[in-house]
There are 4 protein chains.
Amino acid sequence: MADIGRLAAFSDAVFAIVITLLVLDLRVPEFHEGQLAASLREEAPSFLAFVVSFVYVGVLWLNHHAVLQLVRGTTLALNWINLAILFGVVLIPFPTMVLASALANGDTDDLRVAVVLYALAAALMSAPWLVFFAYLRRHPALRASHVGQDQVRAQQARPIIGLVLFGLTGLLGWIVNPLFGLLGIVVMIIYHGFTSEGVRAGTFQWGRTGRRG
Amino acid sequence: MADIGRLAAFSDAVFAIVITLLVLDLRVPEFHEGQLAASLREEAPSFLAFVVSFVYVGVLWLNHHAVLQLVRGTTLALNWINLAILFGVVLIPFPTMVLASALANGDTDDLRVAVVLYALAAALMSAPWLVFFAYLRRHPALRASHVGQDQVRAQQARPIIGLVLFGLTGLLGWIVNPLFGLLGIVVMIIYHGFTSEGVRAGTFQWGRTGRRG
Amino acid sequence: MADIGRLAAFSDAVFAIVITLLVLDLRVPEFHEGQLAASLREEAPSFLAFVVSFVYVGVLWLNHHAVLQLVRGTTLALNWINLAILFGVVLIPFPTMVLASALANGDTDDLRVAVVLYALAAALMSAPWLVFFAYLRRHPALRASHVGQDQVRAQQARPIIGLVLFGLTGLLGWIVNPLFGLLGIVVMIIYHGFTSEGVRAGTFQWGRTGRRG
Amino acid sequence: MADIGRLAAFSDAVFAIVITLLVLDLRVPEFHEGQLAASLREEAPSFLAFVVSFVYVGVLWLNHHAVLQLVRGTTLALNWINLAILFGVVLIPFPTMVLASALANGDTDDLRVAVVLYALAAALMSAPWLVFFAYLRRHPALRASHVGQDQVRAQQARPIIGLVLFGLTGLLGWIVNPLFGLLGIVVMIIYHGFTSEGVRAGTFQWGRTGRRG
C-alpha cells in the first residue's frame with residue numbers, strides 16, 4: 001500500500017468518526033412521565049447545532065477529498081500538515097456542544113462567547129491548508145501529473161478567504177450581535193460547500209463522471 | 001484512488017460506527033448491593049431498542065451496499081446526496097435512545113411521541129434515496145455498464161413505498177396505539193431486509209456467489 | 001470493489017471501534033484533592049475487565065480474519081450471518097461494563113449475575129458461527145479454491161466447543177463460585193486465542209509468512 | 001486481500017478512533033447564565049491534555065505507518081504483537097483524562113500520580129515494539145525485500161530509548177516535581193515525532209516523495 005492511500009484512509013476514518021460522534025450530543029433529557037414531547041422541544045438548539053456541524057464536516061470531507069486528487073504522494077512533513085488539518089476537524093464537536101449549550105441555557109453573553117469560539121475554530125482550520133498549498137507549490141514532485149503551478153496557487157486563495165471571512169464573522173458576532181455571527185457561520189459553511197466545486201476545476205465538474213477504481 | 005471507492009469506504013465507516021455506537025445506550029444502571037439482576041431487568045427496553053436499531057442499520061448498510069453496485073462513479077452532487085442518506089443513518093441512535101427511554105420511564109403519551117419520532121426519522125431516510133435514483137436516471141454515465149434505465153426506475157418504487165408505509169406507521173402509532181406503531185416499525189424493517197434482495201435483482205441473488213476483489 | 005472486500009472492511013471497522021470503545025469504561029472517578037491515587041486503585045476491577053475484553057475482541061478479530069481466508073465471495077444470506085456475528089462482537093462492551101461494575105460495587109450475588117451474563121454473551125457468539133460453517137458447506141462456490149469440504153467440517157467443531165464450554169463456564173459461575181466462572185472465561189479466551197491457529201491449518205501457520213497485497 | 005493489508009487497515013482504524021475519541025474528554029462544564037466564558041477557562045487543562053495526546057497519537061500513527069513499510073507479510077504471532085502495540089494506543093485516552101482531571105481539580109500529589117501514570121503508560125508502549133523488532137530479526141521472510149538485518153537492529157534502539165527515557169521522566173515527575181515530569185513527556189513526544197523520520201532512513205526521507213498506490 002502506497003503512502004497516500006493510507007493517509008487518505010486514515011483521514012476518511014477520522015471524518016467518518018467525527019460526523020458520527022456529533023449525534024452523541026443529542027442527549028435525551030430527563031423527563032417526567034407524560035412530558036417527553038416537551039423535553040424533546042428543549043433539544044431543538046442541540047439539533048440545530050448538530051445539523052450545522054454535520055453539514056460542515058461533510059463540506060470539509062468533500063474539500064479534503066478534492067484536494068487529495070491533486071496529490072500523488074506524501075512525505076513526513078505533509079503527513080504532519082494533514083494531522084494539523086485533522087486536528088481542526090476532530091475539534092468540531094466541542095464548539096458544537098458549546099454552541100448548543102449556549103443556545104439552550106445561556107444568555108446573550110454566553111451565545112456571543114459560543115459564536116466567537118465556533119468562528120475561531122473555523123478560522124483556525126483554514127491555517128494548515130495555507131501551509132499545505134505552500135508546501136505543495138515548493139514540491140512539484142508530490143503533485144499529480146495533471147496539476148500545474150498555477151492551479152496550486154489558485155487554491156491558496158481559498159484558505160485565505162476562509163481565514164479572513166470566518167475571522168470577520170467572529171468579530172460580527174462579538175461586536176454586533178451573536179445571532180448575526182451564527183448566520184454568518186451558516187453562510188460561510190454553505191459557501192465552502194459550493195466552492196469545493198471550485199477546488200476541483202480542471203479535474204472534474206458537478207455532474208461530470210469520475211471513474212470507478 | 002477513484003472517487004466511488006472513497007465514497008464507499010467513508011459510508012462503510014459511518015455505518016460501522018453507528019451500528020457500534022448503539023451499544024453505548026445500554027448503560028449499567030446504578031444498583032444497590034445484591035440488586036444487579038433486578039437492575040438489569042429494567043434495561044430490557046433499552047436492549048429491545050438496541051436490537052431493533054442494530055438490525056435496521058444492518059438493513060440500511062446492505063441496501064446501500066447493493067445500490068452502490070449500480071454506480072460506476074460519483075460527482076459532487078451525488079456525494080451530497082450520499083451525505084444526506086448518511087445524515088439519516090447517523091441520526092438513528094437518537095430516536096433509538098428516545099424509544100428506549102419512553103419504554104422504560106414513560107407513559108402511553110411518551111411512547112406515542114417516541115414511536116412517531118422513530119417512524120418520522122425512518123420515513124425521512126427514504127427521501128434522499130428518491131433524489132438518488134432520480135439523479136441516476138438523468139446521468140446514465142454514472143451507472144455501471146450492466147444497469148439499464150428500467151432497472152433504475154424500478155428501484156425508485158422502493159423509497160416511495162418506504163416513505164408512505166413508515167408515514168402510515170407513524171400515523172398508526174399516533175392515532176390508534178403506540179404499540180401497533182412499534183410493531184409496524186419492526187415489520188417495515190424486516191420488509192426492507194428481505195427486499196434488499198430485490199434491489200439487487202439482475203446483479204446477483206440470495207445464495208448466488210459474488211466474486212472476490 | 002467486490003463484495004467480500006466491503007464485508008471485510010466493514011467488519012474490521014466494527015472490530016476496531018469495539019476494541020477502542022472499551023477504554024470509555026475506564027472512567028476517572030470523582031476524587032477529593034490529594035486522593036487521586038486512592039481513587040485510581042478503585043478502578044482496578046474496571047481495568048481488569050478492560051484487559052480481558054480487549055484480548056477477547058482481539059481473539060475474535062483474528063478468528064474472523066482467519067475464517068474469511070476460506071471465503072471467496074458473499075451472498076445476502078452470508079452478509080446477514082456476518083451481521084449476526086458482529087452483533088455478538090458489538091455487544092461485548094455491555095457485559096464488560098456489568099462485570100466491572102459488579103467487581104467494584106457488588107456482592108457475590110451480583111458477581112454471579114455478571115459472570116453468567118458474560119458467559120452467556122460469549123456462548124451465544126458461537127451460535128452464528130455454526131450457521132456460517134453450515135452455510136459454507138452447502139455453498140462450495142463461496143469457498144476459496146484451496147478449501148475442501150473436510151476443512152469446513154473440521155471448523156464446525158470449534159463453535160460447538162465454544163458454545164458448550166462457555167455454557168459450562170456460566171453454570172460453574174452460577175452453581176459453584178462466580179470467581180471460578182471468571183477464571184473459566186479467561187481460560188476460554190486464551191484457548192480461543194491459541195486455536196485461531198487451528199482455524200488456519202492448511203492456509204498458513206504460526207511463524208509462516210503470509211504474503212503482502 | 002493479503003494479510004498485511006487487513007492488519008494495516010485495522011490498525012489505522014484504531015488510531016483514527018483513538019485520536020477522535022480524545023475530544024470527548026472536552027466536556028462543556030455546567031454553567032450559570034452569563035458564566036460560559038469563565039466555565040470554558042476552567043477547561044484549559046483538559047484542552048492542554050487533549051493537544052498533547054492528539055500529537056502523541058499522531059506520532060504513534062506515523063511511527064506505526066513507517067515501521068509497516070519494513071514488513072512484507074504477517075503471522076499469527078506478529079498479529080498478536082501488533083495487538084499489544086494497539087493496546088497501548090487504545091489506553092491513551094485514560095491517562096489523558098486522569099492528567100486533565102489532576103490539572104483541574106488536584107493538588108501536587110495528584111498531579112504527581114497523573115504524570116507518573118502517563119509516563120508509565122508511554123514507557124510500557126515501547127515494550128511490544130522491542131518484541132516486534134526482535135521477531136522481525138528472527139524472521140527475515142517477513143521483511144520487505146529492501147530491508148536488511150542491520151536496519152532492523154538499528155530500529156531496536158528506538159524502543160529501548162523510549163522505555164528508558166519515559167521511565168526516567170516518570171521518576172523525575174515522582175521525585176523532583178510533577179511539572180518537570182509533564183515537561184519531560186512533552187519533550188519525549190516531540191523527540192519521537194522527529195525521529196519517526198529516523199525509522200524510515202533508507203526508505204524515504206522528509207521532503208522526498210512516496211509514490212501513490
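The values are calculated or read from the model by the stated rules, or taken from the named source; none is laboratory data. Just so we're clear, the structure is a prediction, and the values are computed from it rather than from any experiment. Cβ coordinates were reconstructed from backbone atoms using ideal geometry, including for glycine residues, and neighbour counts include every protein chain displayed. These area figures cover heavy atoms from the full protein model, side chains too; ligands, DNA and RNA do not enter into them. Shrake-Rupley method; radii C 1.70, N 1.55, O 1.52, S 1.80 Å.
Mind checking which residues of the stretch B:65-82 are within 18 Å of C:Phe10 (Cα to Cα) and either facing another protein chain (nearest Cβ under 9 Å) or among the β-branched types (Val, Ile, Thr) (or both)? Answer for the stretch B:65-82, where residues must be within 18 Å of C:Phe10 (Cα to Cα) and either facing another protein chain (nearest Cβ under 9 Å) or among the β-branched types (Val, Ile, Thr) (or both): B:His65, B:Ala66, B:Val67, B:Leu68, B:Gln69. Taken over the stretch C:25-41, the criterion of being open to solvent by 10 Å² or more (accessible area, probe 1.4 Å), under 19 Å from C:Phe94 (Cα atoms) and within 7 Å of another protein chain (Cβ to nearest Cβ) is satisfied by C:Val28 alone.
The selection criterion, being within 14 Å of chain B (Cβ to nearest Cβ) and either within 19 Å of the chain's Cα centre (by Cα) or polar (S, T, N, Q) (or both), does not hold for A:Val98.
Among the criteria (1) touching a residue at least 12 places away in the same chain (Cβ under 8 Å); (2) buried (at least 20 other Cβ atoms within 10 Å of the Cβ); (3) in contact with a Lys or Arg (Cβ under 9 Å, 6 or more places away or on another chain), the one B:Asn82 does not fulfil is (3).
Among the residues that make up the stretch A:118-132, is at least one of them buried (at least 16 other Cβ atoms within 10 Å of the Cβ) and farther than 22 Å from A:Gly170 by Cα? Taking every residue of the stretch A:118-132 in turn, at least one turns out to be buried (at least 16 other Cβ atoms within 10 Å of the Cβ) and farther than 22 Å from A:Gly170 by Cα.
In the stretch A:98-117, what count of residues is obtained for those that are surrounded by fewer than 22 Cβ atoms within 10 Å (Cβ to Cβ), free of Cβ contacts under 8 Å to residues at least 60 places away in the same chain and over 19 Å from A:Gly88 (Cβ atoms)? Here the count works out to 4.
Using the structure shown, decide if C:Ala44 is out of contact with any His (no Cβ under 6 Å at 6 or more places or on another chain), away from chain B (no Cβ under 11 Å) and under 19 Å from C:Phe10 (Cα atoms). Criteria not met by C:Ala44.
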